[in-house]
Structures are given as C-alpha cells and as structure tokens.
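Colleague: What follows is a structure written as structure tokens; I'll ask about it next.
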Amino acid sequence: MIIVEKTDPHHPQATALLRKSHALMESLFPPEDNFYLDIDDLCTPNIHFFAARRGDFIIGTGALAIKDGYGEVKSMFVDEGARGSGAADAIMRVLEDAAREAELPMLKLETGNVLHAAHKLYRRHGFTDCGSFGEYTHAGSSIFMEKAL
C-alpha cells in the first residue's frame, strides 16, 4: 500500500530522492533550463512537500508551491525501482487535493521536453499544454502545462 503524506524534505530518504532527481535533471538539461528547487527552498511556508512511501521506505516526492492565483507542481520524482507502482498517480491526487483545499483555481507545471513518462502522467491527470508562466522564460527544453480545478 502506498501512503502519501506531508514530509520534511530534509528526511534522509526524501533528500536522497531529491538529489537523484537533481542529478538526473542536470544530466539531461543545460544549467539554464534546470528549474528544480533546492532542498532548503522546499521548506518555505508557501510550499507543501509530500512523500509517497511503501512501508518505511520513501519511494516518491512531490510538492505544491502556492503562487498568486495558482498552484505549481514541483519536485515530482519516483524512485526508478518504484516506477509503475502508482506512486506518481497517488502523489498527483494529493497535490490536487491540497490545491483545492487552498482554493486555488489552477495547477501549473514546467517539465522537461524529454521526460515522456512525466508528460503521460500529467496528461492522464488532465493537464494540457500552455505557455510559460510566472518567473519562467521560454526555455527550449521546457514544456509548460496547466489544469483548471
């Protein structure tokens, strides 16, 4: 059974997954196209950080950044050994529930153009392509998506 709950990003297992995610992004994209949040940046009042776990093991992470008029999905990552387990879907449902609880009208996200499994996940959850938003500038390796709530 997969449980998703608010978690401290400094939890050793969460930190390890975030570092794996950052290393993957750095191997795939140029520095100027990496928009991940550092671990300390995930500990601010406007960010709700969640971890998916199976038993005592954290297998995935995701965060909701509360912005002016929308929520942004950040730090979505599932350990390679847990992919296909439903962890990403469970995290997405919790993020959407948290956005609704915060009375946000829209979710938005930025993802890499070669992260095809992520695109499928987001589309499965009702996200559609949109233009850049917030502080993002157009990046050649970015895809921007949104979902009305």
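The values are calculated or read from the model by the stated rules, or taken from the named source; none is laboratory data. Just so it is clear, the model here is predicted, and its values are computed rather than measured. So basically every Cβ, Gly included, is an ideal-geometry build from the backbone, and we count neighbours across all protein chains shown.
Colleague: Can you find a residue in the range 44-52 that is closer than 16 Å to residue 145 by Cβ, surrounded by fewer than 19 Cβ atoms within 10 Å (Cβ to Cβ) and out of contact with any helix residue (DSSP H, G or I) (no Cβ under 7 Å at 6 or more places or on another chain)?
Modeller: There is no residue in the range 44-52 that is closer than 16 Å to residue 145 by Cβ, surrounded by fewer than 19 Cβ atoms within 10 Å (Cβ to Cβ) and out of contact with any helix residue (DSSP H, G or I) (no Cβ under 7 Å at 6 or more places or on another chain).
Colleague: Of everything in the range 129-149, what is surrounded by 14 or more Cβ atoms within 10 Å (Cβ to Cβ) and either charged (D, E, K, R) or not in a loop (DSSP other than H, G, I, E, B) (or both)? Give them in sequence order.
Modeller: 130, 142, 143, 144, 145, 146, 147
Colleague: Determine whether residue 22 is crowded, with 17+ Cβ neighbours inside 10 Å, without any contact (Cβ under 8 Å) to a residue 60 or more places away in the chain and in contact with an Asp or Glu (Cβ under 9 Å, 6 or more places away or on another chain).
Modeller: yes
Colleague: Could you check the range 53-80 and list, in sequence order, the residues that are of a type in the set (Gly, Ala, Ser), surrounded by fewer than 21 Cβ atoms within 10 Å (Cβ to Cβ) and on the phi < 0 side of the Ramachandran plot?
Modeller: Passing the criteria: none in range.
Colleague: Kindly list, by first and then second residue, each pair from a residue in the range 45-67 that is closer than 11 Å to residue 82 by Cβ to a residue that is among the acidic types (Asp, Glu), limited to pairs with Cβ atoms under 6 Å and residues at least 6 apart or on different chains.
Modeller: From residues that are closer than 11 Å to residue 82 by Cβ, the pairs are 59/79.
Colleague: Could I ask something else about it? Go through (1) within 26 Å of residue 19 (Cβ to Cβ); (2) surrounded by 16 or more Cβ atoms within 10 Å (Cβ to Cβ); (3) modelled with pLDDT of 95 or more and name the single condition residue 120 misses.
Modeller: (2)
Colleague: Is at least one residue of the range 118-128 in contact with a strand residue (DSSP E or B) (Cβ under 6 Å, 6 or more places away or on another chain) and either in a strand (DSSP E or B) or at positive phi (or both)?
Modeller: Within the range 118-128, one or more residues are in contact with a strand residue (DSSP E or B) (Cβ under 6 Å, 6 or more places away or on another chain) and either in a strand (DSSP E or B) or at positive phi (or both).
Colleague: Let me ask something else. Take residue 34 and tell me if it is of a type outside the set (Lys, Arg), touching a strand residue (DSSP E or B) at 6+ places or on another chain (Cβ under 8 Å) and either under 23 Å from residue 123 (Cα atoms) or at pLDDT 95 or above (or both).
Modeller: Judged against the criteria, residue 34 is not a match.
Colleague: Something else about it: Output the number of the condition that residue 10 fails; it satisfies all remaining conditions of (1) part of a loop (DSSP other than H, G, I, E, B); (2) within 22 Å of residue 140 (Cβ to Cβ).
Modeller: (2)
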